[in-house]
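What follows is one structure encoded as structure tokens, with my remarks underneath.
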Amino acid sequence: MQKLAELYSGKAKTVYTTDDQDRVIIHFRDDTSAFDGQKIVQLPRKGMVNNKFNAFIMQRLAEEGVPTHFERLLSDNESVFKKLQMIPVECVVRNIAAGSLCRRLGIEEGRPLNPATLEFFLKNDALRDPMINEYHIRTFGWASDAEVERMKELTFRANHILQALFLEADILLVDYKLEFGRFHGEIVLGDEFSPDGCRLWDAATRQKMDKDRFRQDLGNVIEAYEEVGRRLGIFL
Ligand code: UDP
């Protein structure tokens, strides 16, 4: 497969068109950003770690019936994906209270959430990704009702699969964000799944092993991602 032109460059990944109009090559860069792009740093190995982490998770999800855009690893920093028409909505599932939920609702961090809760955010950096609801999605036509139902179903199916996967590695899946797109009429999981887009705590010590290490200047960011990868069997 041949890489053609740069299609889009986001905060951490660059997307390239290919000689197949239904496929893109995504390059995972070492750039790390937080607070809607206000804090940007380069972290060595991060692109490679997230590319391989994402490949592993997407393959596991696909095996369990969650359609994903991932096709194959191409190199340390690049993979081939189906080209989706992205839906500008972030689906966030929370199993344990953390982050913006605590700030918004005054809930103490670490409180177990039963049942797990789901929130939608509009993907819009200029507006700082505001929280939205299903009525907004319908009114503004970001997705159809059937698509919203499918995104909810797949987001919770992923929760079931991933909670178990991480727990086997003595890691709590606190929360995570998924993005979906359309591929020939089907709703498919897009974007990436890596410690950049979820919260992972060591089950015994509750130590943070995700992007909060970067957001909160806790240090050893990529070392923590690699430790998660080692426990899952992705890295040696
Ligand atoms: N998240 C993300 N991208 C975003 C916003 C959130 O990947 O633009 C992830 C974040 O890493 C966490 C979950 O979604 O795992 C919930 O984030 P939250 O709403 O608590 O926001 P934050 O505290 O990160 O601002």
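The values are calculated or read from the model by the stated rules, or taken from the named source; none is laboratory data. This is a predicted model, so every value here is computed, not measured. Don't worry about glycine lacking a Cβ; one is built from the backbone with ideal geometry, like all the others, and counts go over all protein chains shown.
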Only residues that are under 20 Å from Leu167 (Cα atoms) and among the polar types (S, T, N, Q): list them for region 177-236, please.
Ser194, Thr205, Gln207
Quick one: which strands (runs of 3 or more DSSP E) lie wholly within region 46-154 and hold at least 3 residues that are under 22 Å from Glu186 (Cβ atoms) and of a type outside the set (Gly, Ala, Ser)?
70-73, 78-82, 85-96
Could you check Arg111 against (1) surrounded by 14 or more Cβ atoms within 10 Å (Cβ to Cβ); (2) closer than 15 Å to Leu173 by Cα and say which number it fails?
(1)
Conditions (1) small (Gly, Ala, Ser); (2) more than 29 Å from Lys152 (Cα to Cα); (3) surrounded by 18 or more Cβ atoms within 10 Å (Cβ to Cβ) -> Ser75 fails only (3)
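Touching a Lys or Arg at 6+ places or on another chain (Cβ under 7 Å) and either within 12 Å of the ligand (Cβ to nearest atom) or over 24 Å from Gly37 (Cα atoms) (or both): which single residue out of Leu165, Leu173 fits that description? So that I can check it myself, show each step before the final result.
On the way: Leu173 fails: touching a Lys or Arg at 6+ places or on another chain (Cβ under 7 Å).
Being touching a Lys or Arg at 6+ places or on another chain (Cβ under 7 Å) and either within 12 Å of the ligand (Cβ to nearest atom) or over 24 Å from Gly37 (Cα atoms) (or both) holds for just one of Leu165, Leu173, which is Leu165.
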Evaluate region 155-167: report whether one residue or more is over 16 Å from the mean Cα position of the chain (by Cα) and not hydrophobic (A, V, I, L, M, F, W, C).
no
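Conditions tested, residue by residue: (1) under 19 Å from Arg213 (Cβ atoms); (2) among the aliphatic types (A, V, I, L, M).
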residue: Glu6; (1), (2): no, no
residue: Val15; (1), (2): no, yes
residue: Asp19; (1), (2): no, no
residue: Gln38; (1), (2): yes, no
residue: Lys46; (1), (2): yes, no
residue: Asn50; (1), (2): yes, no
residue: Phe53; (1), (2): yes, no
residue: Gln59; (1), (2): no, no
residue: Glu63; (1), (2): no, no
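Looking at Phe193, Phe183, which is the one that is in contact (Cβ under 8 Å) with a residue 24 or more places away in the chain and over 16 Å from Leu232 (Cβ atoms)?
On the way: Phe193 fails: over 16 Å from Leu232 (Cβ atoms).
Matching residue, one of Phe193, Phe183: Phe183.
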Index of the failed condition, Arg157 passing every other in (1) out of contact with any strand residue (DSSP E or B) (no Cβ under 6 Å at 6 or more places or on another chain); (2) farther than 20 Å from Ser194 by Cα; (3) part of a helix (DSSP H, G or I); (4) at pLDDT 95 or above:
(2)
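Would you pick out the residues in region 86-117 that are closer than 20 Å to Glu192 by Cα and within 11 Å of the ligand (Cβ to nearest atom)? Quick ask: steps written out before the conclusion?
Just the residues of region 86-117 that are closer than 20 Å to Glu192 by Cα, to begin with: 86-95, 99.
Passing the criteria: Glu90, Cys91, Val92, Val93, Arg94, Asn95, Gly99.
Please state which one of Ala97, Ala164, Ala126 is among the small types (Gly, Ala, Ser) and surrounded by 13 or more Cβ atoms within 10 Å (Cβ to Cβ). Steps first, answer last, please.
Working: Ala164 fails: surrounded by 13 or more Cβ atoms within 10 Å (Cβ to Cβ); Ala126 fails: surrounded by 13 or more Cβ atoms within 10 Å (Cβ to Cβ).
So the residue among Ala97, Ala164, Ala126 that is among the small types (Gly, Ala, Ser) and surrounded by 13 or more Cβ atoms within 10 Å (Cβ to Cβ) is Ala97.
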How many residues are surrounded by fewer than 22 Cβ atoms within 10 Å (Cβ to Cβ) and over 13 Å from Phe70 (Cβ atoms) if we restrict to region 180-193?
4
Filter region 200-218 for residues that are crowded, with 22+ Cβ neighbours inside 10 Å and either of a type in the set (D, E, K, R) or in a loop (DSSP other than H, G, I, E, B) (or both); which is farthest from the ligand (Cβ to nearest atom)?
Met209
Could you grab me the full set of residues in region 174-196 that are part of a strand (DSSP E or B) and over 19 Å from Phe120 (Cβ atoms)?
Phe183, Glu186
